[in-house]
Structure formats: structure tokens, C-alpha cells
Amino acid sequence: MNKIHHLAWHDGVELLDVKFQGHPFGKHSHDSYAIGVIEQGVGGNIYRREKQVLPPRTLSLMNPDELHDGYSISESLKYQTIYITEKSMHDFLGNRIIHGFLEYTAFDVDGLVASSLREIKMRLEKQNHVGWRLAIDSEVTRMLEAVMSRHSRTKQGRTGEEPHAVNVVKDYLNSITTDASGEMGRHSGELITLETLAKLVDLSPNYLLNIFTEHVGVPPYMYWMARRIGMAKRLLVRGWSISRVTYELGFYDQAHFSRAFKKITGITPRQLIWYR
């Protein structure tokens, strides 16, 4: 099913996920940057008066207000595009000078854009847990850093020595998972975003993501997930049911919890054996 996912907590950020035949898009432009990737089939467009052929894994890189159309050359075409206004681009990447794309097509060499857009889509469709916005913001930031540094003159952000800021964020994530006595922390239920964490230390979300990942080795969402899984093990050993742990720790459902648990521990929650 064709969809546009609108990220309402940002200014003009949307994810288009479509599969179509023929020539559904006439000439038009966007007031935002557009980063798209062909997943299946062969697409085409007329851009700057030139016909473009876009095979699978081709990136379509559009600057704001660039006139273009879009059509399928193959029997059908499946692709995803993320639209980001200039304001949101600055919000994600910090106060850097944003330069437009130098090229309007490129190859998704390592599959980073395709995998990022699939991850974002999955998070949007399973958003009933407290960390879903944090996961999405982190993935969008990571993708934008790569795309803009590879395909524009926008310089990649430099990380500095900010151990205090990193420790503040770690302490916060620890506190909403485990309290001082080792019991389960009490979180207000408010959704946590990268911006939430950045405001704690008065840094831009992008800069915080970079320095946290550099110092800790993983982004904030993955760090927090590891803390939650650690608490989950302790609760399961105490005799809590899987369904109760899933609910209390804010996972989307038991399948989401089991996947996260196995990714970190190598086993499923049901394979955890304890002795009294």
C-alpha cells in the first residue's frame, strides 16, 4: 500500500513509500530536499531537461524547487523517498552551512540509504513504545550525515571532547531504566527523542549523537536498549512474565521485546534459565 508518513514532531519531514506503474507524476517540485532510492524495478524522470534512467539501488538526490517528473520504465517500480526542509536539515545536522547536492543521481554503494529508510519505515509502523522517536531521529541523522558528506559540499560534523555531556545523557537513560537501588526506574511515559536528550546538555541533536557514539561506541538508543534488556533479565529471573516485562519496559509487543533480547543476549527470553 502506498503511503506518506509525516513526522509531525519535525518541520516538513516526510517518508514516501510507493509502488506504481506508468507515469503517475507530472512535472512538479518540492520545497524540501528529497533523498530517494529505487528498491525494485527501473525508474526514470526528466530533470534539468535530461532524461534519467534509475536502476535498482540508484539514489535520486533533489535540491529544493528543482522541477522534475517521475515514471516507471519497468513493469512496476518500488521506491522510497524522504523529504526534509532546510530548517529540519539544520536541526538534524547542527548549525553548519548546508550545501545542495552536487549530483542528482548516485549509487547507494553500501546500501546505507535503503537500509536506513526501511528502518525508519519499520519504526514508524511500530511506534507504540517509548523509544521509537529516539530510534527514528538517530537513524535519520546518521543517514543525512552520510548522504550530505558524500554527495554535497556539506562538511561532516567534527566531534570534540565532551565527556560531561555524554555522562549526563548516560545517567538520564540509566535513571529511567534502573533506580539507585537497582529496581526498575520510573519513566513518565513521555516519548524520548534525540532532541529531548540534546536539551539536557544544551547541544544540537546531531552533535550529541556524534560525540555519544564516539565515546560510548553505540548511539544513545542502542545504549538505552542494552540497559533495558539488562533490567528485563533481572525481572524475568524474579519471576515476572514476558508479557509484563514487555509492557513495563515499554516495548511495542512481545515479538519486539524478543527480537531486542536475542540481539543483545543471543537467546530469546524463553531460553533464559535460572536457579534458586
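Residues in region 20-34 that are in a strand (DSSP E or B) and not basic (Lys, Arg): 6 in all.
Taking region 99-149 as the range and being closer than 24 Å to residue 53 by Cβ and in contact with a Phe, Trp or Tyr (Cβ under 6 Å, 6 or more places away or on another chain) as the test, only 104 passes. Look at (1) under 19 Å from residue 2 (Cβ atoms); (2) surrounded by 16 or more Cβ atoms within 10 Å (Cβ to Cβ); (3) not β-branched (Val, Ile, Thr) and you find that residue 33 fails only one, number (1).
Looking only at residues of region 161-180 that are within 24 Å of the chain's Cα centre (by Cα) and in a loop (DSSP other than H, G, I, E, B), we find that the one that is modelled with the lowest pLDDT is 162. Screening residue 76 on (1) buried (at least 18 other Cβ atoms within 10 Å of the Cβ); (2) farther than 30 Å from residue 206 by Cβ; (3) polar (S, T, N, Q) shows it passes everything except condition (1).
Consider residue 136 carefully, then state whether it is within 25 Å of residue 28 (Cβ to Cβ) and not in a loop (DSSP other than H, G, I, E, B). The answer is no for residue 136.
Would you be able to say whether some residue in region 44-51 is small (Gly, Ala, Ser), surrounded by 16 or more Cβ atoms within 10 Å (Cβ to Cβ) and under 17 Å from residue 82 (Cα atoms)?
No: zero hits.
Among the residues of region 105-132, those identified as of a type in the set (D, E, K, R) and either under 15 Å from residue 17 (Cβ atoms) or at pLDDT below 90 (or both) are 118, 119, 121, 123, 125, 126.
Please tell me if residue 46 is more than 30 Å from residue 257 (Cβ to Cβ) and either assigned to a helix (DSSP H, G or I) or out of contact with any Ser or Thr (no Cβ under 7 Å at 6 or more places or on another chain) (or both). Judged against the criteria, residue 46 is a match.
Rundown of residues vs (1) at pLDDT below 90; (2) in contact with an Asp or Glu (Cβ under 8 Å, 6 or more places away or on another chain); (3) over 22 Å from residue 119 (Cα atoms); (4) exposed (fewer than 14 other Cβ atoms within 10 Å of the Cβ), yes/no style:
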residue	(1), (2), (3), (4)
20	yes, no, no, no
23	yes, yes, yes, yes
41	no, yes, no, no
53	no, no, yes, yes
58	no, yes, no, no
84	no, no, no, no
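Kindly provide the set of residues from region 227-258 that are farther than 18 Å from residue 175 by Cα, surrounded by fewer than 16 Cβ atoms within 10 Å (Cβ to Cβ) and touching a Leu at 6+ places or on another chain (Cβ under 9 Å), ordered by number. Listed by number, the residues that qualify are 237, 244.
The values are calculated or read from the model by the stated rules, or taken from the named source; none is laboratory data. Since we're looking at a predicted model, the values are computed, not measured. Every residue, glycine as well, gets a Cβ built from its backbone with ideal geometry; the counts of neighbours run over all protein chains shown.
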